[in-house]
Amino acid sequence: MKELLSVGIQPDLLVCRSGDKEIPQNEQRKIALFCNVKPERVIEARDVDTIYQVPIAYHERGFDREVCRYFGLPAEEEPNLDRWRGVVRSVREPEGKVTIAVVGKYTVLLDAYKSLSEALTHGGFGSNVKVSLEWMDSEIFERDDAVSRLEHVHGILVPGGFGERGTEGKIHAVKFARERKVPFFGICFGMQMAVIEAARNLLGIEHASSSEFGPTDHAVVGLMTEWMKGNQVEKRSADGDLGGTMRLGAFPAHLRPGTKVHEIYGQDVISERHRHRYEVNVNYKDRLEQVGLRFSGMSPDGILPEIVEIPDHHWFIGVQYHPELKSRPFAPHPLFTSFIGAAKTQSRLV
C-alpha cells in the first residue's frame, strides 16, 4: 500500500486476505489508519471451504454494504442470500457421492476444464450428491487393459479437444461406456469420438476417422466448409488458414420428439454455444441409425448433427456444443443435472 500511495493511488476499500486466521480489530484499525481508509472499509477475506461461500462471507464482513454506501446506493435492507446458502448446504451436506471419470487431453492443466468441472458440480445440486472427478489422461487408455481403470466410476465424460493425440484412448473409453452401460457424456470432440467408435464397432468401418487427423477414406467427421448463421452464409476453405474459421457462438438445434434429449430439455428447439471446426458427416447418419446410434438433434437445415444418443443405453449422449458454458449455480444445465442423476443411479448398481 505504501508504494501505491506514493504514486497517488488512494484506495476507498481494502480487501485483506488472511488465510484461515482472523484479523484482530486493533490490527484492522491500524491498517485503516496507515492506509487512510475508514475502519469499516477494511474487509477481512478469510479462506472458505467452497467458493460458493464467498458471497456470504463478504456480506458478513460488510463488503456489499460499504460498496453500496460509497456509490450512494441504499444499503440498509438485508439481501436475500437463501439461494447461496442452499448451494453451500448442497456442497457441505450431500446425501451421497458419485465418481465421474473425465477422459481428456489436457489433464495436466485442469484450468482448461474449469467451466466443465463447475458445471458437473452444479449438476450434483439437483441430486444432492457430491461429484468427485477423476481426471484421466486419454493416452493411458491406448495401452492394453488400461480401461480397467474405469471399472469403479459411475459416469464417463469425454470433453472437447483438438488434434489427434490421445484420440484412440478416448475411443476406447467410449467403447467401455457403451458396452458396460456406464452413463456417458461426450462434449464437442467427445461426441465426434462417440460417432467414430460407433462407425468402427457397430457399423463395421474399421478405419473410420476424422479428416482432422489426416486423409481418410471414411471421414465420419469432416471439415464443414459452409453454413448459415442468421441470414448470412459463413464459409471456410479446407486448405485455407485455420485462423477465424471456427463455427463459433450460439446456434439453434431442433430436437427429435421422443428422444432422451427432448425429454431432458422439455422443448423442441434449443440454442447452445459452439466452438469447433469439424462436424459429424451427415452422409453416415442413416447407416449409423440402423445400428443404434440415434441422431436426436440437428441444425435447422438438417445438415449438421448436433446431438447423438443410444436409445437402449441408460444414458449415452454426445453433443457438438458446449453446454457447460451455460450452466450456473442457481440454474444447472439440464444435461449435467440429468447426467449426474444417471450416475447416482449407477452408483447403486456397482
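The values are calculated or read from the model by the stated rules, or taken from the named source; none is laboratory data. The model shown is predicted, which means the values in this text are computed figures rather than measured ones. With ideal geometry, Cβ positions are generated from the backbone for all residues, glycine too; neighbour counts draw on all protein chains shown. Note: areas computed on protein heavy atoms with side chains; ligands, DNA, RNA excluded. Shrake-Rupley method; radii C 1.70, N 1.55, O 1.52, S 1.80 Å.
At what distance in angstrom do the alpha carbon centres of the stretch 167-184 and the stretch 102-118 lie from each other? Measuring centre to centre over Cα atoms gives 18 Å.
Accessible surface comparison of Val15, Val158, probe 1.4 Å, protein chains only, largest first: the order is Val15, Val158.
For the stretch 89-178, the orientation-averaged shadow of the C-alpha convex hull comes to 6.1 nm² (one quarter of the hull surface). Stokes-Einstein, applied to the Kirkwood radius of the stretch 143-198 over Cα pairs at a viscosity of 0.692 mPa s and 37 °C, places its translational diffusion at 292 µm² s⁻¹. A Förster radius of 45 Å combined with the Cβ-Cβ distance from His207 to Glu77 puts the calculated FRET efficiency at roughly 0.10. For the stretch 1-125, the gyration tensor built on C-alpha atoms gives a prolate shape. Its axis ratio a/c (a ≥ b ≥ c) is at least 1.5, and a/b is the larger of a/b and b/c. Among Pro252, Pro11, Pro329, the residue with the largest mean-square fluctuation in a Gaussian network model of the chain, with springs joining Cα atoms closer than 10 Å, is Pro11. Sorting Glu272, Glu142, Glu118 by accessible area puts them as Glu142, Glu118, Glu272; the probe is 1.4 Å, largest comes first, and only protein heavy atoms count.
Of the three principal axes defined by the Cα atoms of the chain, the extents in descending order read 75, 49, 40 Å. Loop-located GluC sites (Glu not before Pro) across the stretch 1-97 with a Cβ neighbour count of 14 or fewer within 10 Å are Glu22, Glu76, Glu77, Glu95, with loop assigned by DSSP. The largest accessible area among Trp315, Trp84 belongs to the first residue in Trp84, Trp315, and the rest follow in falling order (1.4 Å probe, all chains). Per residue, the average separation of C-alpha pairs within less than 8 Å and at least 6 apart gives the stretch 1-110 a relative contact order of 20 percent. By the compact-protein rule of thumb, 2.2 N^0.38 Å, the alpha-carbon radius of gyration of the stretch 281-350 corresponds to a ratio of 1.30.
Computed from point charges on the beta carbon alone (+1 for Lys and Arg, -1 for Asp and Glu), the dipole magnitude for the chain about its Cα centre is near 520 Debye. In this structure, the residue pairs whose Cα-Cα separation is over 25 Å, taken from Lys114/Lys285; Lys105/Lys285; Lys181/Lys260; Lys105/Lys260; Lys2/Lys38, are Lys114/Lys285; Lys105/Lys285; Lys105/Lys260. Mean-square fluctuations from a GNM of the chain, with a 10 angstrom spring cutoff on Cα atoms, peak among Lys114, Lys170, Lys97 at Lys114. How high is the relative contact order of the chain? Use alpha-carbon pairs under 8 Å, at least six apart in sequence, and give a whole percent. Computed value for the chain: 16 percent relative contact order.
GNM remark for the chain: springs join alpha carbons under 10 Å apart, and the peak mean-square fluctuation among Arg17, Arg256, Arg200 falls on Arg17. Using a cutoff of 8 angstrom between alpha carbon atoms and counting only pairs six or more residues apart, the relative contact order for the stretch 45-148 works out to 26 percent.
Give the accessible area for Lys326 in Å² (nearest 10); use a 1.4 Å probe, count only protein heavy atoms, and leave out ligands, DNA and RNA. Accessible area of Lys326: about 90 Å².
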